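Comments concern the structure below.
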Amino acid sequence: MEKECVLKDTKIVGSPIVHLLGMTIVLFAFWMGLAGRTEIKFIIYGLIAAGVASWITYPLLLLPNKDGSKKYFALSISIPKFISYVVWLMWQLLLANLDVMKATTSEVLDIDPKVVRFYFRVDNPMAAVVLADSITLTPGTVTLNVTDDGLFEIHALTVGAAAGIEDGSFQRKVADLYGEKLDFEVVEGEE
């Protein structure tokens, strides 16, 4: 793929130049952290290496939506929203750990496994990936399957874990993180 075509591609959401510069800055900061030296030659080497790496890998980080009408840059998220999401996710991990610990260490084993199904339709494919990974990361829940039409199948170990998935808080947070409109619907009953 020619770089000139990528920079002029109107299907890309956001500015390709801004994406490239942002990725170059992050890679340069990583370079400087690893180099640990601030002599001018290390700064120049770092800028060149970061620029070349960004230029080569940029097309690989463009993800098309389902119908191919748009391309999203995989790393394009708001830093404040990302920090807020990570803090919120850490809190959810703590609550889920306590729920699983309580369910498995009580005198009567309080485990009620079930599969929760819901639709979460988004245009940005990274939103679906982040949601599936966040749910799997949370103790007591595992993402079993995600279909092309947005159907998620989640195994929940406890009633609390199932309720946490069905209430839509994860879906709402991920939709907000990626600037997507929330399109969430729980599927009732067994399929």
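Give me the tail of P(r) for segment 92-191 as a percent: Cα-Cα pairs with distance above 25 Å. Can you show the working numbers first?
Working: 877 of 4950 pairs.
Counting pairs separated by more than 25 Å, the tail of P(r) holds 18 percent.
In this structure, Thr57 and Ile111 have a Cβ-Cβ separation that, at R0 = 45 Å, corresponds to a calculated FRET efficiency of about 0.55.
Placing a pseudo-label 7 Å from each Cα along the Cα-to-Cβ vector at Thr136 and Tyr45 gives an inter-label distance of 3.7 nm.
Quick check on segment 1-93: take the gyration tensor over C-alpha atoms, sort the square-rooted eigenvalues as a ≥ b ≥ c, and tell me if it's rounded (a/c under 1.5), prolate or oblate. The shape class here is oblate. Local charge sum around Gly160 (other residues, Cβ-Cβ under 15 Å, Lys/Arg +1, Asp/Glu -1)? Its environment carries a net charge of -3.
Quick check for me: using +1 on Lys/Arg Cβ and -1 on Asp/Glu Cβ, what's the dipole size of segment 4-95 about its Cα centre, in debye to the nearest 20?
Working: 8 positive and 4 negative charges, 24 e Å.
In debye, rounded to 20, segment 4-95 gives about 120.
Available extension along the chain between Leu182 and Leu144 is 11.5 nm, counting 0.36 nm per residue and deducting the alpha carbon span. Candidate cross-link partners of Lys8 among the lysines, defined by an alpha-carbon separation under 17 Å and a same-chain spacing of 8 or more, comprise Lys70, Lys71. Across segment 103-109, coupling constants 3J(HN,Hα) worked out from phi with the 6.51/-1.76/1.60 Karplus curve, θ = phi - 60°, read 5, 9, 10, 6, 4, 9, 4 Hz, and Gly and Pro carry x. Here semi-axes √(5λ) of the Cα gyration tensor in Å was computed from the coordinates, and among (1) 30, 17, 13; (2) 39, 23, 12; (3) 30, 21, 13 the match is (2).
Bear in mind that the values in this text are calculations on the coordinates, not laboratory data. None of the values given here were measured: they were computed from a predicted structure. Every residue, glycine among them, receives a Cβ derived from its backbone with ideal geometry; neighbour counts consider all protein chains shown.
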